[in-house]
Amino acid sequence: MSKAKFKNPVVKWIDHRLPIFSFMDHELNHYPTPKNLNYFWNFGSLAGIALVTMIITGIVLSMNYTAHVDYAFDSVERIMRDVNHGWLIRYIHMNGASFFFIVVYIHIFRGLYYGSYKAPRELLWILGVLILLLMMATAFMGYVLPWGQMSFWGATVITNLFSAIPLVGESIVTWLWGGFSVDNSTLNRFFSLHFVLPFVIVGVVILHLVALHRFGSNNPIGIDVKGTQDTLPFNPYYTIKDLFGLGVFLTIFAAAVFFFPNFMGHPDNYIEANPMVTPAHIVPEWYFLPFYAILRAIPDKLGGVLFMFGSIAVLFVIPWLDRSSVRSSQFRPIFKIFFWILLADCVLLGYLGAMPAEGIYVILSRIATAYYFFHFLILFPLLPYIEKTKPLPISISEPVLSGSSPASAFAFREKK
Amino acid sequence: MSTKSKTKKNKDEGKRDFLVVSTYAMAGIGAASFAWPLIDQMNPAADTLALASTEIDLSSLEEGQAITVKWRGKPVFVRHRTAEEIKNAQEASIDDMRDPEKDSDRVTNEKYIVLVGVCTHLGCVPLGQKSGDVKGQYGGWFCPCHGSHYDHSGRIRKGPAPTNLAVPSYEFLSDTLIKIG
Ligand code: HEM
Ligand code: FES
């Protein structure tokens, strides 16, 4: 590590014994980053900030929350009415969960579009899918805590999914509940896990970043960095770009918190849980709707559960399903079209998950589910045999510097 | 000589392997036996198990009426069936049912059907207990969550639920008093 760059004697003294400042200087200051990143590369740092926001507001909420079936609902109402700034803290936490998912979903689709999951970033991608799974578990358990009708019945329906497992299903469900229905034991353990899982996420995020810094970011044209002419030091170029993006994000987030705090929630969750009465129409939080639609599309209980978990499991293996060596969709004309179809398909699944499971909605759910799996399991491996990819530019700096399209950059190389 | 020392060495290696393997095995057993209490603590506790029975007085339950009581945190349905409902339940052909069961195997006293009011699909509480409720195509209960239809015996006839509504273990303490659990 290059030495003696710190003037402050205290920093110098510490760094000699604990090279934390050298480490940060190396990973955050000089860290060479492709110079052609667009705004879709903001969403990683936004996700990190969302996670920190959730942890801070969560710790504060826990100071006023009571995890007991008789008090949970009232304690959340007390947070809303009596605790100083409680309404603000809770609305940030509640909407923060939604925005966290928005950011992470954009981050994932960015990866799919630009082929960021391909070698040598397979583990980076897998760690990302693992983070998604942990987030889903955390958000699911968090939603149970206010102990409203949707909390209770969402928890009942989702934990009952495990009863589809042959032979041991029922025992697993009883074990998850700690009783014979979703009850006080369930609420307590969910609170405990909801508190701790975000810190597990922090651990996986650190691994995600270590894997990222091994080869650095992918970029919109998906070719490897060839040398310093292709990169910029992270600071100040991307620190400032990330901060600008953060400003925009916070503006939208604040608008939601202050003006539409319940827009993404469900009014039934302001009715206290009643184990004797199921609400007429149970829907999960919006970020689970596509998966819920897949669950309901399959007419068999075990089959539905397998397809739902399969829809996430398949994400773990896409680095090996996609056999094309070209990363970015910019050079894959057919892949690009199908990317947009996949995005539309996921949005459609989300819509269908919110609709009652009957008539045309069921049929559409089946078609959309079939497409989802077709995309990853059949299209990904086969497309490279049919698709003629566009020629790749020689380097990142070339199309950027000449300001020309990648195709002409290639023509330039041909001439040479 | 050389062969002798070689076999000696092999013997030592074998001994060492045995020690390594048995150490791993013991450590494995130790870890598993420490993990078990941590896992098993999540199963129902003794007091949860102890709360496991409820008595219901049926004397004021008129024909055609139903009541719901709470047992182990779940609703239990008791319906005082009309003569026609009993006839329906008994005469329905069980051959093409998903979970074929005779009505007589599901009741102690045919007038009263006692069921765990939890849909066997994903655990919602079916409608049909109150007079104004939707009761589904077979007149028994209807689960609005994903559309399961149950008949007058609580058997699944249509929809995604895999099995009939469960019959809890219960006994008649007198003509109109039952103990569930
Ligand atoms: C990955 C990060 C997290 C996510 C996605 C998340 C998600 C959620 C969600 C969706 C709710 C329900 C909000 C509502 O409808 O009221 C909730 C509630 C809650 N969370 Fe979190 N949470 C996270 C981190 C944390 C952390 C780290 C803590 C504590 C250290 C925490 C403590 C709480 C508490 C006490 C509640 C109940 C109060 C309430 O409902 O507003 N959360 N969480
Ligand atoms: S829970 Fe009753 S039909 Fe799904």
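Note on the stretch A:78-226: Rg/Rh from Cα positions, Kirkwood definition for Rh, rounded to two decimals, is 1.07.
In the stretch A:175-193, the residues that give up 50 Å² or more of accessible area when the other protein chains are added, compared with the chain on its own (1.4 Å probe), are A:Trp175, A:Phe180.
Each 5 Å bin from zero holds the following percent of Cα-Cα pairs in the stretch A:56-102: 5, 23, 30, 23, 14, 5, 1. Take the alpha carbon gyration tensor of the stretch B:22-108, find the square roots of its eigenvalues, order them as a ≥ b ≥ c, and report rounded if a/c is under 1.5; if not, report prolate when a/b exceeds b/c, else oblate. Because a/c hits 1.5 or more and a/b fails to exceed b/c, the stretch B:22-108 counts as oblate. Excluding ligands, DNA and RNA, the accessible surface per residue across the stretch A:31-281 is 44 Å² with a 1.4 Å probe. 3J(HN,Hα) along the stretch A:59-68: 4, 5, 4, 4, 5, 10, 9, 10, 8, 8 Hz, from the Karplus curve 6.51 cos²θ - 1.76 cosθ + 1.60 with θ = phi - 60°, whole Hz, x for Gly and Pro. Taken about its Cα centre, chain A carries a charge dipole of about 1840 debye when Lys and Arg each add +1 at the Cβ and Asp and Glu each add -1 at the Cβ. Counting every pair of alpha carbons in the stretch B:27-181, the share spaced more than 20 Å apart comes to 53 percent.
Throw me the Rg/Rh for chain A, computed over C-alpha atoms with Kirkwood Rh, two decimals. Please list the in-between numbers first.
Values: Rg = 24.0 Å, Rh = 23.9 Å.
A ratio of 1.01.
Working note: Karplus 6.51/-1.76/1.60 with θ = phi - 60° gives the stretch B:118-129 the couplings 10, 4, 6, 6, 10, x, 6, 8, x, 8, x, 7 Hz, where Gly and Pro are set to x. The overall shape of the stretch A:125-170 is oblate: from the C-alpha gyration tensor, with semi-axes ordered a ≥ b ≥ c, the ratio a/c is 1.5 or greater and a/b is no larger than b/c.
Of the accessible area of the stretch A:31-281, computed with a 1.4 Å probe over protein heavy atoms only, carbon and sulfur atoms account for 73 percent. Once the convex hull of all Cα atoms in the stretch A:23-95 is built, its volume per residue stands at 129 Å³. Of A:Lys301/B:Lys87; A:Lys118/A:Lys301; B:Lys111/B:Lys135; A:Lys301/B:Lys70; A:Lys301/B:Lys111; A:Lys5/A:Lys118, which pairs sit farther than 29 Å apart, going by alpha carbon to alpha carbon? Check vs 29 Å cut-off fails for A:Lys301/B:Lys87; A:Lys118/A:Lys301; A:Lys301/B:Lys111; A:Lys5/A:Lys118.
For the stretch A:148-227, the C-alpha radius of gyration divided by 2.2 N^0.38 Å, with N the number of residues, is 1.76. 3J(HN,Hα) along the stretch B:41-57: 4, 7, 6, x, 6, 4, 5, 5, 5, 5, 7, 8, 9, 9, 9, 10, 9 Hz, from the Karplus curve 6.51 cos²θ - 1.76 cosθ + 1.60 with θ = phi - 60°, whole Hz, x for Gly and Pro.
Rounded to the nearest 100, the interface formed by chains B and A buries 2100 square angstrom of accessible surface, both chains summed, with a 1.4 Å probe.
The stretch between B:Trp36 and B:Glu63, if pulled fully straight at 0.36 nm per residue, gains 4.7 nm over its current Cα-Cα span.
Given N residues in the stretch A:289-342, what is its alpha carbon radius of gyration divided by 2.2 N^0.38 Å?
Working: Rg = 14.5 Å, N = 54, 2.2 N^0.38 = 10.0 Å.
That ratio works out to 1.45.
Can you give me the convex hull volume of the Cα atoms of the stretch A:139-280, divided per residue and expressed in Å³? About 203 Å³ per residue, rounded to a whole number.
The values are calculated or read from the model by the stated rules, or taken from the named source; none is laboratory data. This structure is a prediction, so every number in the text was calculated from the model and none was measured. Please note: Cβ atoms are built from the backbone with ideal geometry, for glycine as well, and neighbour counts cover all protein chains shown. These accessible areas exclude ligands, DNA and RNA; they are computed on the full protein's heavy atoms, side chains included. Shrake-Rupley method; radii C 1.70, N 1.55, O 1.52, S 1.80 Å.
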